[in-house]
Amino acid sequence: MDPQNPYAPVDLGTEEPLPSLEPEGPREHLPPGRWIRKRLFNNRYNSLLTIVLVTVLGFATYRVGRFLFVTARWDPVVTNLENFMIGRFPRAERWRVIAQVILWAATIGLGWGAAVAGARFRATQSGVEYLEDRSLAKLRRYWALVALVVVLLVTAGTLGPAVVAICSVAAGAGLQKLGARVPGRWIGAVWALVGALGVLGFQIVSGFDGLAWLWTAVFVAAGVNSMLSQRGFPDTRRERQTRLAAAAAVFIAAYCIYALLLPALIETEGVGWDNWEGFRVNLLAAAVATVLAFPLGLLLALARRSGFPALRIMATAYIELIRGVPLITLLLMAQYFIGFFLNTSTPLSLVSRALAAMTLFTAAYIAEIVRGGLQAVPNGQVEAGNAIGLSPWKTTRLIVLPQALRAVIPAMVGQFISLFKDTSLLYIIGVAEILKIRELVHAQPAFRGYGIAETLIFVMFAFWAVSFTMSRESQRLERRLGVGER
Amino acid sequence: MTNTNRENDDQAFADATAMRRSGEAMIELEGVDKFFGDFQALKNINMRVAKQEVIVVIGPSGSGKSTMIRCINRLEEHDRGRVVVDGIELSDDIRNIQEVRRETGMVFQQFNLFPHLTVLDNVTLGPRQVRNLPKKEADDLAMELLTRVQIPEQARKYPGQLSGGQQQRVAIARSLAMNPKVMLFDEPTSALDPEMIKEVLDVMKELAKSGMTMLVVTHEMGFAREVADRVVFMADGEIVEVGTPEHFFTNPTEDRTKLFLSQIL
């Protein structure tokens with residue numbers, strides 16, 4: 001740690017390296033023969049260890065490999081790929097799913113590019129030359145690979161959609177390159193476009209009701225808002241007022257055009273939540289619960305630390321209550337009992353009730369993670385904020401929170417990965433997510449009791465591919481925030 | 001504000017004395033007590049700081065020096081007595097506290113710069129968020145102040161990229177950006193390497209010359225001797241002795257002061 005400033009984030013780059021457990025000296029590049037002798041058979045004990053481990057590993061690899069590539073019967077998976085991904089989604093409406101893939105590929109590509117452009121903008125602003133680290137480039141290729149696999153899985157069945165989807169991923173990658181070249185003051189607008197595309201991608205499946213256009217208009221307005229604000233720093237009240245007024249005007253205009261004009265021009269019907277099945281549900285449930293749980297958790301964490309006893313007690317009670325019960329009990333509550341508490345005339349769908357339960361559950365954990373981050377911000381930061389006359393709320397918003405959230409990215413991503421895997425619990429309350437689909441697959445006469453392990457392995461792989469991608473992404477994010485901004 | 005010529009200490013002292021007599025007090029502490037649990041950190045502190053006066057507070061660790069100046073901008077709450085800054089008495093009213101904090105700059109031992117903001121943003125944060133200054137004006141003001149503390153070229157860097165001395169100078173610029181009437185310094189050089197102490201002290205001397213009212217807790221006796229109008233010696237939560245630097249370093253009256261000086265000089 002820097003002796004000058006113990007509050008400065010630790011720069012992992014210049015830290016003294018830990019004593020290496022490897023042999024002293026620079027890493028040698030030995031010819032294979034000598035490498036084997038030196039690293040694997042350098043004494044009697046290691047030779048024995050090598051022989052035993054190679055035997056065990058070889059045997060295991062052989063058995064697993066033989067199973068995966070020779071004896072395994074993959075036909076339940078291959079025949080039902082489409083079912084695994086979208087379940088009993090009406091096949092006539094499948095173009096919506098494909099359109100969604102295309103739009104979201106563009107969203108991800110553009111969003112990624114905007115993130116890179118933002119990092120470069122901040123770096124140049126602080127007078128540091130922006131170096132795109134090579135690991136980033138490597139990861140980008142890797143990301144494309146995972147995306148390709150997922151897309152292939154989603155659209156498998158017919159060649160046409162698969163080709164379209166692959167092209168869209170390629171286009172997304174292209175957009176990423178484009179997005180990375182966006183000049184600083186346009187980055188906000190690009191983010192708004194990303195948001196609008198994302199919503200559009202969502203609504204193209206669920207239908208263009210009033211809410212869809214509302215959200216799209218919100219993103220357009222946010223774009224205008226961000227264009228008008230000077231990037232990278234919160235502005236004063238006066239500037240904010242003009243900016244917000246302009247954004248509000250744009251919002252109203254955009255919403256009027258959307259709500260009045262577009263329904264006359266295009267088909268607005270969609271396929272509702274209740275017909276969403278397969279791995280799509282796992283992905284969407286995790287994404288929606290993540291987006292909703294984060295702000296809720298943030299508020300809970302702040303409430304738990306607030307000076308108002310009523311708020312503090314309520315937040316603490318909520319967090320401790322939720323953290324003390326298993327998620328599955330909350331899901332069962334959502335399945336059976338929510339209807340009793342909420343006397344709604346139109347009952348909520350099972351998926352949305354389950355989503356509410358998952359959001360409330362995750363929010364409690366996020367709250368504790370954020371609280372940890374808040375505690376890690378030294379009190380001197382709050383004192384410095386107070387000393388220049390900032391109000392307590394501004395001190396929290398401008399000084400404490402940015403530092404706290406950056407410190408807890410890894411823990412938070414861990415929580416979101418865990419949330420994603422927990423979507424498999426929806427199986428128990430009867431949502432047709434991927435595990436349930438697997439059950440349905442084995443209810444087919446052709447596959448009854450046939451290839452049970454294989455389908456399970458496939459489901460595991462689907463979860464792993466996404467979780468692993470998320471975890472790698474978080475590492476990348478961490479590295480960039482840690483090094484670039486300090 | 002007039003520029004007092006500090007090279008002539010006697011004249012400066014006479015000025016300050018005159019101002020004190022004229023009753024223009026910037027800070028008044030009357031019978032201030034402060035407890036941390038059962039421990040009494042401040043015992044009946046009485047002090048008046050005149051406008052443009054530079055006061056250096058010295059004393060052994062744990063003597064309550066820091067606690068005292070932290071009571072002046074309410075980073076610590078006093079338990080008894082009155083604290084008045086530029087005519088505003090500190091009470092539980094948050095508006096009073098905010099007003100006093102706006103007029104009081106504070107420099108900390110650990111700098112407490114905001115690590116997630118650039119140097120420029122560190123300095124402009126207060127003017128923009130508290131004084132509602134437009135960005136352009138705030139940036140100009142910040143560059144002016146960074147030039148004054150002699151690091152305008154570091155404006156776009158992050159605090160973590162600067163040396164300790166540079167960081168402390170940024171912290172001084174950040175406080176000055178609020179155009180304060182009083183500057184409080186809480187051991188500003190104690191966390192610095194010896195070669196960086198001078199650059200910070202030079203900035204503080206320049207500030208004193210410009211007529212800023214300053215209250216400085218420090219162990220830098222050279223600074224006290226050269227710049228202070230009065231030196232306050234504290235021990236065990238009490239003010240033991242107050243006097244001009246000349247009186248204080250050559251002819252202290254109290255035994256406790258003599259003991260302290262014999263240990264450090």
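A few comments on the model shown:
- Within-10-Å neighbourhood charge of B:ILE151 [Cβ basis; K, R +1; D, E -1]: +1
- Each label was represented as a point 7 Å from its Cα along the Cα-to-Cβ direction; for B:LYS205 and B:GLU77 these points are 4.2 nm apart.
- Distance between the C-alpha centres of segment A:271-299 and segment A:432-483: 16 Å, rounded to the whole angstrom.
- Degrees separating the helix B:255-264 axis from the principal Cα axis of chain B, which is the longest one: 50
- Net charge, A:TYR427 excluded, C-beta distance under 14 Å - Lys, Arg +1, Asp, Glu -1: -1
- Cross-link partners of B:LYS43 among lysines (Cα-Cα below 29 Å; sequence separation of 8 or more within a chain): B:LYS34, B:LYS51, B:LYS65, B:LYS181, B:LYS258
- In this structure, the amide hydrogen of B:VAL107, modeled 1.01 Å from its nitrogen in the peptide plane, lies closer than 5 angstrom to those of B:LEU184, B:PHE185, B:ASP186, counting only residues at least 5 positions away or on a different chain.
- Leading residue at positive end of dipole, segment B:84-233 (Cβ point charges), from B:PHE114, B:THR189, B:THR213: B:PHE114
- Charged-residue dipole, Cβ positions (Lys, Arg, Asp, Glu), chain B about Cα centre, Debye nearest 20: 620
- For the pair A:ARG39 and A:ILE428 in one chain, pulling the backbone fully straight at 0.36 nm per residue adds 135.0 nm over the alpha carbon distance.
- Taking a straight line from the alpha carbon of A:LYS177, these lysines sit under 23 Å away, with near neighbours fewer than eight places off in the same chain left out: A:LYS138.
- Taking θ as phi - 60° and the Karplus parameters 6.51, -1.76 and 1.60, the scalar couplings of segment A:446-456 work out to 5, 10, 5, x, 10, x, 5, 5, 4, 5, 5 Hz in sequence order, x denoting glycine and proline.
- With Cα atoms, 0 to 90° folded angle of helix B:94-103 axis to chain B main axis: 80
- Exposure proxy for B:PHE39, A:PHE447, B:PHE185, A:PHE461: other Cβ atoms within 10 Å of each Cβ, ordered fewest to most, give B:PHE39, A:PHE461, A:PHE447, B:PHE185.
- Phi-based couplings in Hz for segment B:247-252 (Karplus 6.51, -1.76, 1.60; Gly and Pro marked x): 4, 5, 8, 9, 9, x
- Between B:GLN40 and A:GLU93, the distance separating the two model label sites (each 7 Å from Cα on the Cα→Cβ line) works out to 7.8 nm.
- Binned Cα-Cα distances of chain B, short to long, each 5 Å bin given as a whole percent: 1, 6, 13, 17, 19, 18, 14, 8, 4, 1, 0, 0
- Relative contact order (%) - chain B, alpha-carbon pairs under 8 angstrom, separation at least six: 25
- Proximal lysines relative to B:LYS136, as straight alpha-carbon distance under 20 Å, when same-chain residues fewer than 8 apart are discounted: B:LYS157
- Computed as a quarter of the hull surface, the mean projected area of the alpha carbon convex hull for segment B:122-225 stands at 6.6 nm².
A short reminder: the numbers here are calculations on the coordinates, not readings from a lab. Bear in mind the structure is a predicted one, so any value in this text is a computation, not a measurement. In this analysis, Cβ positions are derived from the backbone assuming ideal geometry, glycine residues included, and neighbour counts consider all displayed protein chains.
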